[in-house]
Amino acid sequence: FLVSASVPAATGVTISASSVNATTNAFTPVTGTNLNFNPLTFDAVNGIYLPDHFFAIDIGTTGGAGTADTTVTYTEGVNPNGTTNGLGWHAAATFVRVEGATEVPLTTHGPKKLLKDLASEHITPAESAGGYLRIYTGLVTGDASTPAGGIPFTNGDQPGAYNGTLVVTATVL
């Protein structure tokens, strides 16, 4: 008797984002590609501005088995502070592999990186094998996990809208 099974190869990639409630950790899918941290609330105890949420960007394959080859790049946009201390200094990314209900930190990409330092950040298929890639993106809080050079929004920042572009490119190899 010949016993066999054929597992199809992945034919595509899916990239989706969710807003994650900072208190309850509840995920809510984001419609479109706008990851907006507003509203920011002033934390008078710490002297910083914080949102009530952060984001999770999930990158996985579709149509069959396989993992994605992913590159992440950030480009600074509007910056009321001038040429430094834009959103890229105030926001960070954390890279993990999701395996069922377990998240495995991808320590070669962190533990956290400022968005401004994401210049063709390459996550290989081997790094997400056995699961899928998740990128958490949030504002810097100044806690012990803040990457070097990261700064929270404070009253020392210029008022106005800060932005940038986070490009996630993924392909099936």
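Data for the structure
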{"quantity": "Some residue of the range 105-124 being open to solvent by 20 Å² or more (accessible area, probe 1.4 Å), touching a residue at least 60 places away in the same chain (Cβ under 8 Å) and basic (K, R)", "calculated": "no"}
{"quantity": "When residues of the range 5-17 are limited to those that are of a type in the set (S, T, N, Q) and open to solvent by less than 100 Å² (accessible area, probe 1.4 Å), the one farthest from T169 (Cα to Cα)", "calculated": "S16"}
{"quantity": "Hits in the range 115-158 (condition: under 17 Å from L40 (Cα atoms) and touching a Pro at 6+ places or on another chain (Cβ under 7 Å))", "calculated": "L139, V140, T141, G142, Q158"}
{"quantity": "Hey, T171 open to solvent by 50 Å² or more (accessible area, probe 1.4 Å), under 28 Å from L40 (Cβ atoms) and in contact with a strand residue (DSSP E or B) (Cβ under 7 Å, 6 or more places away or on another chain) or not", "calculated": "no"}
{"quantity": "Pick from the range 18-36, criterion open to solvent by 60 Å² or more (accessible area, probe 1.4 Å) and in a loop (DSSP other than H, G, I, E, B), ranking: farthest from G77 (Cα to Cα)", "calculated": "T24"}
{"quantity": "Meets criteria (under 13 Å from the mean Cα position of the chain (by Cα) and more than 24 Å from L50 (Cβ to Cβ)) for L106", "calculated": "yes"}
{"quantity": "Check on L133, buried (at least 20 other Cβ atoms within 10 Å of the Cβ), of a type in the set (A, V, I, L, M, F, W, C) and without any contact (Cβ under 8 Å) to a residue 40 or more places away in the chain", "calculated": "no"}
{"quantity": "Filter result for D69 (within 30 Å of T154 (Cα to Cα) and among the acidic types (D, E))", "calculated": "no"}
{"quantity": "Subset tally (residues that are part of a loop (DSSP other than H, G, I, E, B) and within 21 Å of the chain's Cα centre (by Cα)) for the range 42-65", "calculated": "2"}
{"quantity": "Residue identified as open to solvent by 50 Å² or more (accessible area, probe 1.4 Å) and under 15 Å from Y136 (Cβ atoms) among F54, F42", "calculated": "F54"}
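Quick grid of which residues meet (1) surrounded by 15 or more Cβ atoms within 10 Å (Cβ to Cβ); (2) in contact with a strand residue (DSSP E or B) (Cβ under 7 Å, 6 or more places away or on another chain); (3) among the charged types (D, E, K, R):
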residue	(1), (2), (3)
G60	yes, yes, no
T67	yes, yes, no
E76	yes, yes, yes
A92	yes, yes, no
V96	yes, yes, no
A101	no, no, no
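The values are calculated or read from the model by the stated rules, or taken from the named source; none is laboratory data. Quantities reported herein were computed from a predicted structural model and do not represent experimental measurements. So basically every Cβ, Gly included, is an ideal-geometry build from the backbone, and we count neighbours across all protein chains shown. Each accessible area value is taken on the protein alone, full model and side chains, heavy atoms only, with ligands, DNA and RNA left out. Shrake-Rupley method; radii C 1.70, N 1.55, O 1.52, S 1.80 Å.
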